[in-house]
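The values are calculated or read from the model by the stated rules, or taken from the named source; none is laboratory data. Remember, predicted model here, so these are calculated numbers, not experimental data. Here the Cβ is made from the backbone with ideal geometry for all residues, glycine too, and neighbour counts use every protein chain on show. These accessible areas exclude ligands, DNA and RNA; they are computed on the full protein's heavy atoms, side chains included. Shrake-Rupley method; radii C 1.70, N 1.55, O 1.52, S 1.80 Å.
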Amino acid sequence: MSIFSDPSETTVIVTAASSLVTGALGTLTAINHEQLLAWTRAVRRKDEEIAELAGPATTLDELYTEQCQFARTPSTTADLAGITRLANAISGRIEHTACIRAELERVVECAQTYVETALPEPPATTRIAYTDAQTLMTQAMRQESARVALERSINAANQKIATLRRI
């Protein structure tokens, strides 16, 4: 006598087996959908962070270009107006970019230090006293040192942004 001799028993067994397979497939599908939703949320969060970094990255690029114009060139307050404007723009964005706040604060600090080293307007006369020339040369060297510090802080911030975009 076989287990499959009665047709009603066979129907029950086939129905039970198909129910188990359907239940297992349903469970696997639900797990897969949950993983897909978690992945979608993670991608969306990363896209939002990248979009959040786009504004500061653009302003940092502009600031880098602006400060490069003054490399090894003594500059006055009027010359550095663009640096001041861009530093103020970055300062306004610090609160909205928590992930790179420290780097942006350092850039703004270095930009302010650089602008503070601005040389006075050149005198109308063509001759400058030796002591005045020495003082101006010292100030110009301080200014170049501050510009290099600004350049390094911009590069550090850009590197952090690039790292965050890759993660």
Report summary line: Quick P(r) readout (the chain; Cα-Cα; 10 Å bins; whole %) gives 9, 25, 17, 12, 9, 7, 6, 6, 5, 3, 2, 1, 0
Query raised in the report: Can you tell me the accessible area per residue over region 79-167, all protein chains present, probe 1.4 angstrom, in square angstrom?
Result: 62
Report task. Could you tell me the distance between the Cα centroids of region 23-57 and region 129-166, to the nearest Å? Result -> 42
Query raised in the report: What stretch of the chain, leaving out the sites themselves, is the longest with no trypsin sites (Lys or Arg not before Pro) in a DSSP loop having at most 14 other Cβ atoms within 10 Å?
Result: 1-71
Query raised in the report: Residue separation times 0.36 nm, minus the C-alpha to C-alpha distance between GLN35 and GLU52: what's the value?
Result: 3.5 nm
Requested in this report: Write down Rg/Rh for region 64-126, rounded to two decimals, with Rg from the C-alpha atoms and Rh from the Kirkwood relation over Cα pairs.
Outcome: 1.08
**Report entry** Calculated FRET efficiency for the pair LEU28/ALA156, C-beta based, R₀ 41 Å, to 0.05
**Finding:** 0.30
Report task. Please give the contour-minus-distance gain from HIS96 to ALA81: 0.36 nm per residue of separation, less the Cα-Cα distance, rounded to one decimal in nm. Result -> 3.0 nm
Report task. In debye, nearest 20, what is the charge dipole magnitude of the chain about its Cα centre with +1 on Lys and Arg Cβ and -1 on Asp and Glu Cβ, if you could check? Result -> 380
Query raised in the report: Any number yet on Rg/Rh for region 90-167, C-alpha, Kirkwood?
Result: 1.20
Query - For the chain, calculated [θ]222 nm from helices alone, where every DSSP H run of n ≥ 4 adds -39500 (n - 2.57) - result: -28000 deg cm²/dmol
Query raised in the report: If one takes the longest principal axis of the Cα atoms in the chain, at what angle in degrees, from 0 to 90 and to the nearest 10, does the Cα axis of helix 81-93 lie?
Result: 30
Report task. Between THR65 and THR131, take the C-beta separation as r, use R0 = 35 Å, and let me know the FRET efficiency to the nearest 0.05. Result -> 0.45
Query raised in the report: Per the 1.4 Å probe, what fraction of the accessible area of the chain, in percent, lies on carbon and sulfur atoms?
Result: 59
Report task. Enter the angle in degrees (range 0 to 90, nearest 10) between the Cα long axis of helix 130-166 and the first principal axis of the Cα atoms of the chain, meaning the one along which they spread out most. Result -> 10
Requested in this report: Find how much the distance from ALA16 to ALA124 grows on full extension, using 0.36 nm per residue of separation minus their present alpha carbon separation; answer in nm with one decimal.
Outcome: 28.7 nm
